Structures are given as C-alpha cells and as structure tokens.
Amino acid sequence: MELTTGAILRRITETPLSTAAHKLATIILDGIAWKDGYNGLERGTAAFTLAHLAGKMGVSRQHLTALLVELAASGLALVRWKPNGKYAPWLFRFGGREAAVAPPDVVSSPCDTSLSRESKNKTIFAGRIEIGAGTNVYRTPWADLIKAAKTSLACWNVDTQVIWERFLAFNRARGNAAVPAGFLLGFMRRWRTSPGAALKPNLLVVPKRSSTPEELELHRLIAAAPSKNWQFHAGDLRKRIGQVAYDSRVMNVAKKFGCPRFAAILAVHGLAVLADEIAK
C-alpha cells in the first residue's frame, strides 16, 4: 500500500467494512507519522494504547479487539506489534510490516489534503539544523516549532532561547556541525529525565528559578513523571483510579502549586510513579 494519506484514505473508503471498523481505521490513519522521527515513530506508523483507542471509539476492549481483527483480515491488512515492553503503546501500520521502509521518493504530494499533515496539534521537525548558525533562536526558523512542541513536554516552562542554547552546546560538545531537525525534538523530550542531569555540563538542566519549596517540590514531581508518551500514561492512570479521581488530582495539584494544567498533569503522573500506580 502506498504510504500517503490520500492513498490509505481511498483504500479505507473502498474496503468493505463495518461502520465502526471504518471509523477505527480513520482514527489510526489520523495518528500516523508522515515524517521519520515524528513522535519517535517510523514513517507510516501510528502508536496507540488499546485503552486510548477504545476510549476514542466509545467501545469496550472486547469490541475493539473484534474491530482490529476485522481490519487485519480486510484489504487494509492492518498489523500491530509492541516492541517496547508491556507498558508501551501498540504500533500500527496499514499494509503489513514489509512496507515499513518506504522508498525515499514515496511522499505525500503538496496537493495531498492530509488530516495528519495539516492537523494543528502536530509539530513536525523537518530538515537539518546548522549548529553554527547563530545563538539567537528568533533569527532562525526553529523558534515557533520549539514553542509549539514544548507545551506538551517537561520543558514547558523553560525559555525557548534557553532550550536552543542548550541544544547548540550539546551538539558543539560532540563536534556536530549539522544534525537532523528531529534531534531537536528528541533533545526536548529527554529534558530532565535523568536525576543527575543538572550536574552534567552542556547537557539538559533544570530551570534555575526554583526558589520556593513549592517550586522545588513541583519540579521534583514533574521530573519523576514519564513525559514521553504522557497521554498513554494518563490513560493507564485513568483506567486504574477512574476519570473523576484523575481530574480531582489534577485540579488539586494545580490549585496547590498555582501551575498550568499540563504541569499539574505531569506532577500527578510523577506522584503516581512514586506510588507505583503507573510505570515510568
């Protein structure tokens, strides 16, 4: 199957399926990465937990499994696999895993009105970054992408310029003259995941302004949270404690620390990790 949104969408509409299976195929299509490295995925691959898919579909896990079997047996040849352990999301691909590596010239054309390409909630880092291109991020094309991406990462409250300078220093220390743009997104995703990060020069560090005990505690909880694929961990925690209890925890943390909702979500996840309610 050709790896373009339009080609897969046409195949979905042409394939005889139940209404629910058509909807599920469209949801999976909307989550497909069309640039290598987007969300850490290969091009043409989507990642979901079954709980997340069942929630988006509004069906039980048993019904969802039946729909996945229907898609796998259909002309769409949906396959799924879990290479990263028990708590990682499932990976999905239309057309079988043999299509995992597409020829470099098989890309979506500019005329492809792709839901995945144009969705405003997706930030795609494409191209290459020249490490010696200057230290003012606002004179580069990367400032807006950094600001958009960091809102859902652990570095949400770090200045865009600081992130840029740390990224340049990180690569200069390794002698990199130019790197793929996806490296910048990966660098941001790993922000503060290591307990000793603040002690290592030229690497990821925590913000310096943590003057009050409340700020220190908030940063400690956020650092303990699994910031990569945080949506899947949110789904796991909701499944364990219930939606009402989850929302209550987020609201209480936001009120206690006076922080934005996303910071409160990460802090709640950090608390859950420390309490062994979810795995990091």
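Overview of results
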{"quantity": "Helices (runs of 4 or more DSSP H) wholly inside the stretch 105-210 that include at least 3 residues being modelled with pLDDT under 85, among the basic types (Lys, Arg) and under 30 Å from Leu9 (Cα atoms)", "calculated": "none"}
{"quantity": "Inter-residue pairs, beta-carbon under 6 Å, first acidic (Asp, Glu) and in the stretch 127-149, second modelled with pLDDT under 85, 6+ apart", "calculated": "Glu130/Ala178"}
{"quantity": "Residues (at pLDDT 85 or above and open to solvent by 10 Å² or more (accessible area, probe 1.4 Å)) located in the stretch 259-275", "calculated": "Ile265, Leu271, Val273, Leu274, Ala275"}
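For (1) of a type outside the set (Gly, Ala, Ser); (2) in contact (Cβ under 8 Å) with a residue 24 or more places away in the chain; (3) within 21 Å of Tyr87 (Cα to Cα), each residue gets a yes or a no:
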| residue | (1), (2), (3) |
| --- | --- |
| Ile241 | yes, yes, yes |
| Lys255 | yes, no, no |
| Phe262 | yes, yes, no |
| Ile265 | yes, yes, yes |
| Val268 | yes, yes, yes |
| Asp276 | yes, no, yes |
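The values are calculated or read from the model by the stated rules, or taken from the named source; none is laboratory data. Bear in mind that the values here come from a model prediction, so they are computed numbers and not experimental data. Reconstructed Cβ throughout: ideal geometry from the backbone, glycine too, with neighbour counts over all protein chains shown. For the accessible areas, the whole protein counts, side chains as well, though only heavy atoms, and no ligand, DNA or RNA atoms are used. Shrake-Rupley method; radii C 1.70, N 1.55, O 1.52, S 1.80 Å.
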